[in-house]
């Protein structure tokens, strides 16, 4: 495979970014990928505390070096919430924008997921974001910030911003525009008002299509336009044996993007990824440290 040779480019200056792996706890392959990449290729992980493999992944998460990786809550109101029934993302968006979400129920769900995170790790999350970016929706962002203020008055976890980077028109993606339009500006105002830090631009959005070489091309484009303080989202999963998968077989999730997860893991785990970072003079660090 020679796709890295054509991607290596010089960049003018040193740039520090964070790479966050989403969906920890979803299934064994996701957990395995995070454990293998943590501190080496990813500097943050977002946890789904109601997902099928969450309990099995807690011990490995506790063993990670907290100085090399931010561990945060991946608030989930669609697939594996703890109190509310699961629902489709389109339905949640429609209900949210129609102002039909019930505040007390949303607040209870947020508290339950914070409780599960604190019980597992014994501390506040380093950051909070949302599965399918639901943390920025109306009716969710305000109770989320209120819960963080109440639960952690002396801590300020960073909140994920979905702000699009400045990219050439040919590189821009409608999906990134749509995600940003679902509440980035309003969440940013809340974060600024109450002193919660955020990443600068948000990288990593694509259609989960193509093979590993296609993902490598996406990655090169994001890194080419990255700036210090940016956050690159990823969804890696390591291929696992049937025996390992059987650990959570009773609640095995349907993973619609499993092939893309495997491609992402293959690229991120490849030694040539370090060359790609070096060619753009990019270093990886936790967003917590970058923001100091």
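The values are calculated or read from the model by the stated rules, or taken from the named source; none is laboratory data. In this text the structure is predicted, and so the values were computed from the model without any measurement. Cβ coordinates were reconstructed from backbone atoms using ideal geometry, including for glycine residues, and neighbour counts include every protein chain displayed.
Annotations for the structure displayed:
- Selected residue [surrounded by 21 or more Cβ atoms within 10 Å (Cβ to Cβ) and closer than 19 Å to residue 58 by Cβ] from 110, 114: 114
- Restricting attention to the stretch 62-80, the residues that are buried (at least 19 other Cβ atoms within 10 Å of the Cβ) and not in a loop (DSSP other than H, G, I, E, B) add up to 6.
- Candidates in the stretch 259-281 are the residues that are closer than 22 Å to residue 64 by Cβ and more than 19 Å from the chain's Cα centre (by Cα); of these, the one that is surrounded by the fewest Cβ atoms within 10 Å (Cβ to Cβ) is 271.
- Search result, residues across the stretch 30-54 that are farther than 25 Å from residue 85 by Cα, out of contact with any strand residue (DSSP E or B) (no Cβ under 6 Å at 6 or more places or on another chain) and surrounded by 21 or more Cβ atoms within 10 Å (Cβ to Cβ): 33, 37, 38, 41
- Flag for residue 101 being without any contact (Cβ under 8 Å) to a residue 60 or more places away in the chain, part of a loop (DSSP other than H, G, I, E, B), farther than 30 Å from residue 277 by Cβ and over 20 Å from the mean Cα position of the chain (by Cα): yes
- Condition met for residue 135 (within 30 Å of residue 217 (Cβ to Cβ), in contact (Cβ under 8 Å) with a residue 12 or more places away in the chain and assigned to a loop (DSSP other than H, G, I, E, B)): no
- Just one residue in the set 116, 107 is under 24 Å from residue 198 (Cα atoms) and without any contact (Cβ under 8 Å) to a residue 60 or more places away in the chain; that residue is 107.
- Leading residue by the ranking (nearest to the chain's Cα centre (by Cα)) among those in the stretch 39-61 that are part of a loop (DSSP other than H, G, I, E, B) and closer than 14 Å to residue 253 by Cβ: 48
- The one condition from (1) in contact with a strand residue (DSSP E or B) (Cβ under 8 Å, 6 or more places away or on another chain); (2) surrounded by 20 or more Cβ atoms within 10 Å (Cβ to Cβ); (3) in contact (Cβ under 8 Å) with a residue 40 or more places away in the chain that residue 57 does not meet is (3).
- Of the helices (runs of 4 or more DSSP H) lying entirely inside the stretch 147-236, the ones with 1 or more residues being under 25 Å from residue 277 (Cβ atoms) are found at 174-181, 212-224.
- Of all residues in the stretch 251-271, those that are over 18 Å from residue 17 (Cβ atoms), modelled with pLDDT of 95 or more and either touching a strand residue (DSSP E or B) at 6+ places or on another chain (Cβ under 6 Å) or not in a loop (DSSP other than H, G, I, E, B) (or both) total 8.
- A residue that is part of a loop (DSSP other than H, G, I, E, B), within 30 Å of residue 82 (Cβ to Cβ) and under 16 Å from the mean Cα position of the chain (by Cα) can be found somewhere in the stretch 122-132.
- Unique residue being on the phi < 0 side of the Ramachandran plot and touching a helix residue (DSSP H, G or I) at 6+ places or on another chain (Cβ under 8 Å) when the list is 136, 113: 136
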